[in-house]
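Novice: Quick one: the structure is below, and I'll ask about it shortly.
The values are calculated or read from the model by the stated rules, or taken from the named source; none is laboratory data. These figures come from a predicted structure and were not determined experimentally. Cβ placement follows ideal geometry from the backbone for every residue including glycine, while neighbour counts extend to all protein chains displayed.
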Amino acid sequence: MKKSNSSSAEQLDTNANHDPRGRLQVADKKPHRKKKRMKSQKFREAATGYFFLAPALILLGIFLLYPMGAAFYYSFTDFYILTPNDISFIGFENFSYIWNDAEFRQAFWNTVYFAAIVVPVQLTVALGLALLINKKIRFRVFFRTAFFSPVVMSLVVVSILWTFMYNPNEGLINELLGLFGIPAQPFLNSPDQAMNSIIVMSVWQGAGFQMMIFLAGLQNIPTHLYEAADIDGASKWQKFLHVTLPGLRNIALFIFITITIAAFKLLVQPMIMTQGGPLGTTKSLVYHIYETGFNYRDVGYASAMAVVFTVIVLAVTIIQRMLTREEGGV
């Protein structure tokens with residue numbers, strides 16, 4: 001009896017597997033339908049996401065990707081803006097001319113000098129202001145608003161304002177220097193002082209934004225770390241070195257890279273305040289590219305310089321990232 005029961009059970013299982021109406025066959029179809037529903041749901045979610053992203057992607061393509069591609073293409077041509085229908089492919093001729101261009105070399109070193117001074121100074125000023133605002137002092141809200149207010153002002157307006165302040169005859173800064181018996185300084189009219197004057201204005205205008213980022217980072221450092229340092233008898237300087245700075249490392253790295261990229265894109269200040277002078281000492285690389293493309297109408301050569309500039313900024317950013325990773329041991 002047991003043998004017959006077992007054989008009949010096996011026969012039922014076999015029939016169920018081969019029977020298109022059997023339960024096992026129905027059970028096999030359910031996961032398949034479930035997978036189809038999940039795939040269709042994922043597809044709808046992805047389609048909805050891309051639908052909402054479409055306007056931004058279209059604008060990104062029109063105003064970023066297309067100009068980048070066009071600049072790369074024109075860099076291999078002799079495109080002159082007044083003869084748009086007469087374009088010839090000249091290969092790497094524009095790029096070979098860059099290394100013999102004295103104005104390009106001067107603009108490049110002006111930009112490097114500006115970045116080398118602005119980046120550490122603005123980083124230090126922003127951190128100092130954030131440490132000051134983070135303390136419980138009187139009129140803290142007023143100082144925070146005052147330090148941040150230059151950021152929301154137009155850079156063109158700020159440049160015009162500081163041009164009047166730097167006026168060697170009636171400027172506010174020379175008036176203040178006269179109160180201390182210091183003779184009037186030429187500032188923007190001097191090849192030795194013009195770039196440094198622009199640096200001071202740029203630090204004043206941009207430090208407030210980095211200050212707010214540092215302030216957010218300071219407020220996210222756990223207080224128990226400072227309490228533990230107090231128990232260990234650490235001084236204020238030791239707490240700054242061993243608690244504050246490590247807690248701000250990632251934020252400082254972000255600010256360091258963004259300031260560097262912004263410094264290499266120097267354009268508005270020399271354009272408004274000095275027009276690249278005196279003697280080309282304030283002409284930045286981006287200003288030289290702009291002047292070549294729009295004033296001299298040589299779009300092909302300007303595009304080649306823009307491609308080289310992009311490669312330089314990308315290389316500097318990668319080197320910065322590698323150095324900071326090695327220092328941080330990551």
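Novice: I want to confirm something. Restricting to region 292-330 and keeping residues that are touching a Leu at 6+ places or on another chain (Cβ under 7 Å) and at negative phi, which single residue is modelled with the lowest pLDDT?
Specialist: T324
Novice: Condition first: more than 24 Å from the chain's Cα centre (by Cα), among the hydrophobic types (A, V, I, L, M, F, W, C) and assigned to a helix (DSSP H, G or I). Now tell me which residues in region 274-302 satisfy that.
Specialist: Within region 274-302, F294, V299 meet the criteria.
Novice: Then there is this: Just give me the residues in region 245-275 being of a type outside the set (A, V, I, L, M) and either outside the structural domain of A306 (by TED's automatic domain parsing) or touching a residue at least 60 places away in the same chain (Cβ under 8 Å) (or both), in sequence order. Spell out how you get there, then give the answer.
Specialist: Going through region 245-275, the residues of a type outside the set (A, V, I, L, M) turn out to be 246-247, 249-250, 254, 256, 258, 260, 264-265, 269-270, 274-275.
Correct list: R249, F256, T260, F264, Q269, P270, T274.
Novice: In region 201-234, what residues are within 20 Å of K136 (Cβ to Cβ) and among the polar types (S, T, N, Q)?
Specialist: Once the filter is applied, which keeps residues that are within 20 Å of K136 (Cβ to Cβ) and among the polar types (S, T, N, Q), region 201-234 yields Q219, N220, T223.
Novice: Another question, if that's okay. Can you find a residue that is touching a Ser or Thr at 6+ places or on another chain (Cβ under 8 Å) and within 23 Å of N196 (Cβ to Cβ) anywhere in region 300-311? Before you say what the answer is, go through the steps one by one.
Specialist: Of all residues in region 300-311, those touching a Ser or Thr at 6+ places or on another chain (Cβ under 8 Å) come to 300-307.
Keeping just the survivors that are within 23 Å of N196 (Cβ to Cβ) gives none.
Checked region 300-311: no residue is touching a Ser or Thr at 6+ places or on another chain (Cβ under 8 Å) and within 23 Å of N196 (Cβ to Cβ).
Novice: If you don't mind, there's one more thing I want to ask. So in region 179-195, with the set limited to residues that are touching a residue at least 60 places away in the same chain (Cβ under 8 Å) and part of a helix (DSSP H, G or I), which one is nearest to L131 (Cα to Cα)?
Specialist: Per the stated criteria, the residue is M195.
Novice: Does region 94-121 hold any residues that are outside any helix (DSSP H, G or I) and surrounded by fewer than 15 Cβ atoms within 10 Å (Cβ to Cβ), and which are they?
Specialist: Here is the first cut: in region 94-121, the residues outside any helix (DSSP H, G or I) are 99-101.
Selection gives W99, N100.
Novice: Could you name every one of the helices (runs of 4 or more DSSP H) located completely within region 205-269 that has at least 2 residues being buried (at least 17 other Cβ atoms within 10 Å of the Cβ)?
Specialist: 249-264
Novice: Right, here's the next one. Filtering region 168-178 down to residues that are out of contact with any Pro (no Cβ under 9 Å at 6 or more places or on another chain) and in a loop (DSSP other than H, G, I, E, B), which residue is nearest to M153 (Cα to Cα)? Lay out the reasoning, then the answer.
Specialist: Step one: list which residues in region 168-178 are out of contact with any Pro (no Cβ under 9 Å at 6 or more places or on another chain), which gives 169-173, 175-176, 178.
Cutting the leftovers down to in a loop (DSSP other than H, G, I, E, B) gives us 169-171.
Numbers: N169: 26, E170: 24, G171: 21 Å.
Once the filter is applied, the top-ranked residue is G171.
Novice: A further question on this structure: Return yes when I160 is part of a helix (DSSP H, G or I) and surrounded by 15 or more Cβ atoms within 10 Å (Cβ to Cβ) and no when it is not.
Specialist: Judged against the criteria, I160 is not a match.
Novice: Okay, next question. Of the conditions (1) under 27 Å from P120 (Cβ atoms); (2) out of contact with any Lys or Arg (no Cβ under 9 Å at 6 or more places or on another chain); (3) surrounded by fewer than 16 Cβ atoms within 10 Å (Cβ to Cβ), P150 clears all except one; give me its number.
Specialist: It fails just one condition, (3).
Novice: Now for a separate question. Can you name the number of the only condition in (1) in contact with a Leu (Cβ under 6 Å, 6 or more places away or on another chain); (2) at positive phi that T111 fails?
Specialist: (2)
Novice: Being assigned to a helix (DSSP H, G or I) and exposed (fewer than 13 other Cβ atoms within 10 Å of the Cβ) is the filter here, so list the residues in region 69-85 that pass it.
Specialist: The answer is G69, and nothing else.
Novice: Cβ-Cβ below 9 Å, separation at least six or inter-chain, first residue in region 139-161 and over 18 Å from Q210 (Cα atoms) and in the same structural domain as M212 (by TED's automatic domain parsing), second of a type outside the set (V, I, T) and loosely packed, with under 15 Cβ neighbours inside 10 Å: which pairs?
Specialist: L161/M153
Novice: Hey, another quick one. State whether one or more residues within region 86-93 are without any contact (Cβ under 8 Å) to a residue 60 or more places away in the chain, in a helix (DSSP H, G or I) and surrounded by 11 or more Cβ atoms within 10 Å (Cβ to Cβ).
Specialist: Within region 86-93, one or more residues are without any contact (Cβ under 8 Å) to a residue 60 or more places away in the chain, in a helix (DSSP H, G or I) and surrounded by 11 or more Cβ atoms within 10 Å (Cβ to Cβ).
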